[in-house]
1. In a GNM of the chain with a 10 Å cut-off on Cα contacts, which of LEU84, LEU119, LEU42 has the highest mean-square fluctuation?
2. What does the net charge come to around VAL160 if you take all other residues with beta carbon closer than 9 Å to its beta carbon, with K and R at +1 and D and E at -1?
3. Along the Cα→Cβ direction, 7 angstrom out, place labels at LYS124 and THR164. What is the inter-label distance in nm?
4. Most mobile of ALA26, ALA162, ALA13 per a Gaussian network model of the chain (Cα springs, under 10 Å)?
5. Can I get the semi-axes of the chain's equivalent ellipsoid? Compute them from the C-alpha gyration tensor as square roots of 5 times the eigenvalues, in angstrom, largest first.
6. Given a 10 angstrom Cα cut-off, can you work out which residue in ALA44, ALA16, ALA134 is the most mobile in a GNM of the chain?
7. Once every DSSP H run of n ≥ 4 in the chain is given -39500 (n - 2.57) and the sum is divided by its residues, what mean residue ellipticity at 222 nm do you get, rounded to the nearest 500 deg cm²/dmol?
8. Angle, helix 91-109 long axis vs. longest principal axis of the chain, Cα atoms, 0 to 90°, nearest 10?
Amino acid sequence: MTTPEFEIDVVMARVAEAVRPYPPAAMFQLADEGFNSAFEQLIACIISIRTYDEVSIPVAHKLFARARTAHDMAALTPTEIATLIADSSFAESKAPQIQAIAQRVVADFGGELPCDRELLLSFKGVGPKCAHLALGIACGQPFISVDIHVHRISNRWGYVQASTPEKTMAALEQKLLEKHWIEINRLLVPFGKHICQGNIPRCSTCPLFDMCSRVGVKSYR
């Protein structure tokens, strides 16, 4: 259970201040750089799967420098896409998925990806994490995107009790104020990378030390 003083508005404000010195999460950084269409966000998120932000951002830059629109992407072969995204994990399997998405967007929607959750989830290789990120960042739609950081931290706080990211997403949808739905991924990714880390978190200097239940934490710095 979280402590009685655990107030999510206060938590989010403290986390926002704590992560200010650190680079933003990849998808949000790309959006800040102008790669903020639903298509760009979806493709960049596919690139980022099982890939560190430090790698996925330059890989997305490389791909978008060659093909930024669905029309341009659809004209590339899977081999060409795989070469451009070679530094990302599973590039050989991501490349045909990316090409297929681009071709369908061109054929069915004139090259403009609609902001539609069911459509995004119908694409091979796209799960709730990427669909929700694209819809949240590019379309401003309130969705929660749960990656390993959001899953670990929200359970470590004791804010939710869930065994998988999918169950964490469902729990957060029931409990988290909607105004924080997009924000929680933007904030908790850098928070998880630099402060509330996996094995030995930096609890002693964490701004939430007096509020967090530290569920499952055996040792910390």
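1. Of LEU84, LEU119, LEU42, the most mobile in the Gaussian network model is LEU119.
2. On the way: positive: LYS167, LYS175; negative: none.
Summing Lys/Arg as +1 and Asp/Glu as -1 gives +2.
3. Between LYS124 and THR164, the simple spin-label model gives 2.3 nm.
4. Largest GNM mean-square fluctuation: ALA13.
5. Working: eigenvalues 225, 62, 41 Å².
Ellipsoid semi-axes (Å, largest first): 34, 18, 14.
6. Greatest mean-square fluctuation among the candidates belongs to ALA16.
7. On the way: 12 runs with 125 residues, N = 221.
That calculation yields -17000 deg cm²/dmol at 222 nm.
8. It is inclined by approximately 70 degrees.
Every number here is computed from the coordinates shown, using simple stated rules; none is lab data. Predicted model, so just to flag it, every value in this text is computed and none were measured. Please note: Cβ atoms are built from the backbone with ideal geometry, for glycine as well, and neighbour counts cover all protein chains shown.
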